[in-house]
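Step one of this worksheet: look at the structure below.
The values are calculated or read from the model by the stated rules, or taken from the named source; none is laboratory data. Remember, predicted model here, so these are calculated numbers, not experimental data. Cβ coordinates were reconstructed from backbone atoms using ideal geometry, including for glycine residues, and neighbour counts include every protein chain displayed. Calculation scope for accessible area: heavy atoms of the full protein, side chains included, ligands and nucleic acids excluded. Shrake-Rupley method; radii C 1.70, N 1.55, O 1.52, S 1.80 Å.
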Amino acid sequence: MHQIIAIALTLVIALLLNGVAAAQMVSVGYWGGALGALLVGPLIVFYVVHTLVYFVVRLIRGKDRVRSYTRSRINYVGTVVAILGVLGAAAGPA
């Protein structure tokens, strides 16, 4: 459940912050940029960060002390980093 909440939160914030810019990209025919800003980019950042942090914590604390990949609270670390990436994309030059 933690992973569903984390992904949903990341995608909703990406939609709210990059929705206008994505609509402008779509209106001129640049679908790739819109999909990248709203869906692909945040998901890739989330999963890369989550996977790296999960394996590092599992290496340090041991296999028995960490919950499963989708049920751990490490999902929220990936969410925070992905949201920071979304903020950077929204604040960057258009």
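Distance between the 7 Å Cα→Cβ label points at VAL48 and ALA23: 3.0 nm.
Scanning residues 5 or more positions from TYR69 or on other chains, none has an amide H under 5 Å from its amide H, with H placed 1.01 Å from N in the peptide plane.
Ranked by accessible surface with a 1.4 Å probe, highest first, in what order do THR70, THR51, THR79 come? Display every interim value, and only then the final one.
Values: THR70 65, THR51 45, THR79 5 Å².
Solvent-accessible surface, decreasing: THR70, THR51, THR79.
Note on the chain: with a GNM built from Cα contacts shorter than 10 Å, the maximum mean-square fluctuation among TYR30, TYR76, TYR47 falls on TYR30.
Using a 1.4 Å probe and counting only protein heavy atoms, arrange HIS2, HIS50 so the residue with the most accessible area comes first.
Numbers: HIS2 35, HIS50 0 Å².
So, going from the largest accessible area down, we get HIS2, HIS50.
How much length, in nm to one decimal, is gained on full extension between VAL56 and LEU84, taken as 0.36 nm per residue of separation minus their Cα-Cα distance?
8.0 nm
Placing R0 at 25 angstrom, the Cβ-Cβ distance between VAL12 and SER68 gives a FRET efficiency of 0.55 after rounding to 0.05.
When the Cα convex hull of the chain is projected onto planes of every orientation, the mean area is 5.9 nm².
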